[in-house]
Amino acid sequence: MTDLGLMAPPKDGPAILVWDIETAPGLGWAWEKWNTNVIAWDSDWYMLSVAYKWLGQKKIEFIGLNQSPDFQQGQCPSCATPDDRFVVERTHFLLDAADVAVAHNGDRFDIRKVNARFLAHDLGPVSPFSSIDTLKEHRRYFKEPQHSLSEIGRQLGIGEKEVHTGFDLWRRCMDGDPSAWRDMKKYNVRDVQLLEDAYLKIRPWIGTPGKAAHPNVGHWEPGTAYVCPKCGHDRVHRRGTHRTSFSEFQVFHCQGCGGYTRERIRKSQKYDKVGLV
């Protein structure tokens with residue numbers, strides 16, 4: 001990864017990638033401004049940037065199309081679709097190195113978007129990773145009027161997204177405006193910081209017994225002692241039993257993140273005989 005100038009994942013524990021992408025829109029023609037068909041298509045969408053950090057490390061990195069040696073400042077975006085391989089290839093390396101990838105609306109947007117560019121550049125699929133979509137998890141556990149990353153940040157008191165000028169920022173980046181790219185970097189990096197903070201707040205809830213599980217980070221912990229599958233903390237207390245229709249499981253409470261998990265070994269219902277009707 002170092003030959004592409006990327007931060008290497010941590011050597012110990014799972015490689016948890018916190019990431020966010022920004023894309024440029026396609027360019028088309030329409031007779032109307034609202035609820036209409038596109039009658040002609042001039043250029044396709046492409047990747048503008050990706051910001052990322054590895055959980056447990058402090059630095060947030062930004063990779064923008066403006067950093068490419070082939071980037072042409074002031075190029076009219078309607079002339080041709082720029083070659084975004086510089087950003088796409090580095091995003092491919094990052095996801096390929098990740099054990100877990102955290103993104104907001106990542107399952108519906110970020111992952112599918114980058115997969116489309118991987119296919120276009122003939123890079124092939126990345127190695128399997130577990131996805132944590134904070135939008136899905138927030139909707140699963142919390143009933144709020146809105147589930148945007150900015151609103152979650154406001155609700156939890158961890159901050160909001162970077163203020164920007166709207167689509168004008170994207171348009172200026174597509175035109176190669178250096179000041180716009182500086183603003184895009186601030187915006188993209190801020191999203192990753194907010195995403196990490198939101199994920200750490202939500203994480204104890206993910207995989208509450210009976211719900212979809214959080215990726216088990218205990219697989220990367222040395223030793224034989226039971227650790228919290230969500231955060232890897234070794235201070236875990238027994239806390240009752242979780243029962244399903246046919247089995248029961250030992251429940252554990254983590255003293256690190258505060259999350260509840262259950263043992264994988266099930267205890268079947270005990271009975272000596274079955275009555276016949």
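No lab work stands behind these numbers, since they all come straight from the coordinates. Every value quoted in this text rests on a predicted model; they were computed, and no experiment measured them. Here the Cβ positions follow ideal geometry from the backbone for every residue, glycine too, while neighbour counts run over all protein chains shown.
List of remarks:
- A simple count of charges around TRP54, restricted to other residues whose Cβ falls under 13 Å of its Cβ and scoring Lys, Arg +1 and Asp, Glu -1, yields 0.
- The chain: relative contact order as a whole-number percent, Cα under 8 Å and 6+ apart: 15 percent
- Under 5 Å, built H, 5+ apart or other chain: amide partners of GLY259: CYS254
- Proximity of backbone amide H atoms, modeled 1.01 Å from N, is registered between GLY176 and GLY74 at under 5 Å, excluding neighbours fewer than 5 places apart on the same chain.
- 25 Å Cα-Cα reach of LYS33 towards lysines, excluding residues that sit fewer than 8 places from it in its own chain: none
- Here's the list of aspartates and glutamates a cross-link from LYS59 could span, going by alpha-carbon distance under 16 Å and ignoring same-chain residues fewer than 8 apart: ASP20, ASP191, GLU196, ASP197.
- Rounded to the nearest 20, the Cβ-based charge dipole of segment 2-203 about its Cα centre (Lys and Arg +1, Asp and Glu -1) stands at 640 debye.
- Scoring 245-252, 167-174 by mean Cβ neighbours within 10 Å over their residues and listing the highest first yields 167-174, 245-252.
- Net charge of neighbours whose Cβ lies under 13 Å from the Cβ of CYS231, counting Lys and Arg as +1 and Asp and Glu as -1: +2
- Contact order for segment 211-268, expressed relative to its length and based on alpha carbon pairs under 8 Å spaced 6+ residues apart, stands at 24 percent.
- Measuring r between the beta carbons of THR224 and THR244 and using R0 = 22 Å, the FRET efficiency lands at 0.25.
- Modelled FRET efficiency - R0 25 Å, LYS11 with SER127, Cβ distances, 0.05 increments: 0.90
- Quick note on segment 58-213: its Rg to Rh ratio, both from C-alpha atoms and Rh being the Kirkwood radius, is 0.99.
- Modelled label reach - ALA116, point 7 Å along Cα→Cβ, segment 186-218 residues with backbone N closer than 20 Å: none
- Between the beta carbons of THR165 and GLN255, assuming R0 = 35 Å, the FRET efficiency works out to 0.15 to the nearest 0.05.
- Among beta bridges that DSSP assigns inside segment 1-154, antiparallel share in %, nearest 5: 70 percent
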